[in-house]
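The values are calculated or read from the model by the stated rules, or taken from the named source; none is laboratory data. Everything quoted here is computed from the prediction, not taken from an experiment. So basically every Cβ, Gly included, is an ideal-geometry build from the backbone, and we count neighbours across all protein chains shown.
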Amino acid sequence: MKSKIFISGSSGFIGFHTAKKFLDKGCKVYGFDSMNNYYDINLKKSRLKILKKYKKFIFTKGSLENEKKLFDCVFKFKPQIIIHLAAQAGVRYSIKNPNTYLSSNILGTFNILKVASKFKVKHLIIGSSSSVYGANKKFPFKEIDKTDHQVSFYAATKKSTESLAHSYSALWKLPVTMLRFFTVYGPYGRPDMAYFKFTKKILAGQKIDIYNKGRMYRDYTYIDDIVDGIYKLTNRFPTLSLKNKVKNDSLSPVAPFRILNIGNTKKIYLLDFINFLEKILNKKIRRNYLPMQQGDVHSTLSDSSLLKRITGYNPKTNYKTGIKKFIDWYLNFYN
Ligand SMILES: NC(=O)c1ccc[n+]([C@@H]2O[C@H](COP(=O)([O-])OP(=O)(O)OC[C@H]3O[C@@H](n4cnc5c(N)ncnc54)[C@H](O)[C@@H]3O)[C@@H](O)[C@H]2O)c1
């Protein structure tokens, strides 16, 4: 595939790895990112530096809210595919700073929908989140389950983008896939996420906060598996015809719109995860047990069989292998 791909959030964790994958496959990639300082800007600069080594990479520093700039870039580049990964992420930060979520996630996604429909791209892929399943108790989570009970403002904005995207898909026959990511981790990861914060604190000999006494689990998905799934999905755009509908499909009956989970499909209990970190970092962890945090969900687990049926997606990295790769990168990067 030698397509032209426009990626928002290309200096972010998932955006960077996604851009790199497409560049490695010989595609032209246009990266767009505000380079905001939500976390260590040097990490974003390092990712960007790697991407800038590719001749087929173009970059614009810009904010999604700047509609004119966004439109100019897309119309100049003429992409077949837009992968929208720019967002204000993080559950906890959304409690204290909801405005940035409204602006980046709602207004930002709205502008992406406008430009994608005006330009008539072949496929718009949008990053959503497992957090939209909120207080659901039926595990594993399936795309056709109801998702009416988000418990954080972040999750509510992600759920809202799914509705906004569905309406644009229906109105303008815009092929849209919403990808619900499940706890993505790996090299060049996000410093606000638990595995990253734990590693930093453990190495510094500091106590780590463990919420709900560790009684929760997550479906940890290694970044290479995520990127592989996105890559395979690019040419599998949803259609208006239900002829291609597969078992338990989330395909909309009125729009070329589909929602897909992308996870590793395994439960990893928090305490097992921490004990494993203790073992590989070879440091006794000082633990601070705390009650459940506001906005957090107890557990997540994906059923990713729909993505598998559609693309052959098959996550290969178990969390022990993936975390070792993350630690190797971390020690090298921060030494
Ligand atoms: N990492 C995960 O575990 C995870 C899980 C679920 C969902 N997601 C979703 O995946 C996507 C990518 O997440 P990530 O982990 O790479 O996050 P990230 O914060 O590393 O990347 C997001 C990038 O978007 C940029 N950005 C933010 N607001 C912007 C704006 N208004 N205009 C232009 N650029 C802007 C940031 O500068 C950043 O580089 C997001 O939609 C996120 O909600 C991630």
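Which members of segment 22-37 meet the condition of being closer than 11 Å to ALA86 by Cα, out of contact with any Phe, Trp or Tyr (no Cβ under 8 Å at 6 or more places or on another chain) and not small (Gly, Ala, Ser)? Spell out how you get there, then give the answer.
In the first step, residues of segment 22-37 are kept if they are closer than 11 Å to ALA86 by Cα; the result is 31-36.
With the extra rule that they be out of contact with any Phe, Trp or Tyr (no Cβ under 8 Å at 6 or more places or on another chain), the set shrinks to 34-36.
Residues satisfying the conditions are MET35, ASN36.
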Among residues belonging to segment 293-335 that are among the aliphatic types (A, V, I, L, M) and buried (at least 19 other Cβ atoms within 10 Å of the Cβ), point out the one that is nearest to GLY186 (Cα to Cα). ILE323
Can you name the number of the only condition in (1) among the small types (Gly, Ala, Ser); (2) surrounded by 17 or more Cβ atoms within 10 Å (Cβ to Cβ); (3) at pLDDT 95 or above that SER103 fails? (2)
Selection from segment 4-41 of residues that are surrounded by fewer than 19 Cβ atoms within 10 Å (Cβ to Cβ) and of a type in the set (Gly, Ala, Ser): GLY26
Here is a list of conditions, (1) within 25 Å of HIS166 (Cβ to Cβ); (2) within 19 Å of the chain's Cα centre (by Cα); (3) part of a loop (DSSP other than H, G, I, E, B), and MET35 meets all of them except one; can you say which number that is? (1)
Only unsatisfied item for LEU48, checking (1) within 13 Å of the ligand (Cβ to nearest atom); (2) crowded, with 24+ Cβ neighbours inside 10 Å; (3) free of Cβ contacts under 8 Å to residues at least 60 places away in the same chain, is (2)
For segment 23-44, pairs from a residue that is farther than 27 Å from PHE75 by Cβ to a residue that is among the acidic types (Asp, Glu), with Cβ under 9 Å and 6 or more apart or across chains, are TYR38/ASP192; TYR39/ASP192
Look through segment 131-151, keep the residues that are surrounded by fewer than 24 Cβ atoms within 10 Å (Cβ to Cβ) and small (Gly, Ala, Ser), and return whichever of them is farthest from the ligand (Cβ to nearest atom). ALA135
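So, in segment 60-82, of the ones that are touching a Leu at 6+ places or on another chain (Cβ under 8 Å) and buried (at least 19 other Cβ atoms within 10 Å of the Cβ), which residue ends up nearest to ILE7 (Cα to Cα)?
Restricting attention to segment 60-82, the residues satisfying the condition of being touching a Leu at 6+ places or on another chain (Cβ under 8 Å) are 62, 64-65, 70, 81-82.
From what's left, buried (at least 19 other Cβ atoms within 10 Å of the Cβ): 64, 70, 81-82.
Details: LEU64: 12, LEU70: 11, ILE81: 9, ILE82: 6 Å.
Top of the filtered list is ILE82.
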Whether any residue in segment 147-163 is closer than 17 Å to VAL254 by Cα and in contact (Cβ under 8 Å) with a residue 60 or more places away in the chain is what I want to check. yes
